[in-house]
Amino acid sequence: MASILVLNGPNLNLLGTRQPEVYGSVTLAMVEEACVEHAKKLGLDVACLQSNHEGALIDAIHEAKGQHQGIILNAGAYTHTSIALMDALISVEIPAVEVHLSNIHAREPFRHTSYISKVALGQICGFGAQGYLLALDALAARLNEAPAA
Ligand code: DQA
């Protein structure tokens, strides 16, 4: 069974209490639980990880090689700054979908740039927690198109 890594970056551990008017009232635990449930319906396994540290996120991407066939990444504010995370994603050659709860293009100009989108299959933003489930659908479709050799 294919496995997907759901990786969340800085401050996303505070979901539910952090600016609920922007990010909603759903906690990270609820998002992760919803991912596990939705993945089951798609015939996928899911592993979830959150870190506030750029290096730990990079390590997780490196360790995904050979373990996971897809990555869903909400890199939080590192989205807009981290060439290192972008390089890590290119290096492991695992299909990745970028997710943001908020519509980053409708917010401050500094959030309009994403280094992740340069190497991701695509970006889903503005749909709150549902974005993670849409990303799982997208990865499931992609993996069905190109089953592992
Ligand atoms: C975010 C958007 C980022 O700009 C912000 O820094 C976050 C959350 C989102 O999910 O909407 O931490 O990635």
Which of GLY128, HIS53, ILE72 sits closest to the plus end of the dipole of region 46-149, meaning its Cα is farthest towards the positive end, when Lys and Arg get +1 and Asp and Glu get -1 on the C-beta?
GLY128
Determine the calculated [θ] at 222 nm for the chain from helices alone, applying -39500 (n - 2.57) to every DSSP H run no shorter than 4 residues and normalising by the residue count; nearest 500 deg cm²/dmol.
-11500 deg cm²/dmol
What distance in nm separates the two pseudo spin-label positions at GLU145 and HIS105, each 7 Å out from Cα along the beta-carbon direction?
1.9 nm
Taking the convex hull of the alpha carbon atoms in the chain, what volume per residue do you get, in Å³?
94 Å³
To the nearest 0.05, how large is the calculated FRET efficiency for SER91 and THR113 if R₀ is 22 Å and r is the Cβ-Cβ distance?
0.55
Computed over the Cα atoms, what is the radius of gyration of region 1-86 divided by 2.2 N^0.38 Å, N being its residue count?
1.11
To the nearest 20 debye, what charge dipole does the chain have about its Cα centre, counting +1 at the Cβ of each Lys and Arg and -1 at the Cβ of each Asp and Glu?
220 debye
At 7 Å along Cα-to-Cβ for each site, give me the label-to-label distance between THR27 and ILE83 in nm.
3.9 nm
Could you tell me which residue out of LEU139, LEU44, ALA2 lies farthest along the dipole of the chain toward its positive end? Charges go on the beta carbon: Lys and Arg +1, Asp and Glu -1, centred on the Cα centre.
LEU139
Run the numbers on region 57-149 and let me know its relative contact order in percent, using alpha-carbon pairs under 8 Å that are six or more apart.
30 percent
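Throughout, read-outs are computed from the coordinates displayed, never taken from laboratory work. As the structure is a prediction and not an experimental result, all values here were calculated from the model. Reconstructed Cβ throughout: ideal geometry from the backbone, glycine too, with neighbour counts over all protein chains shown.
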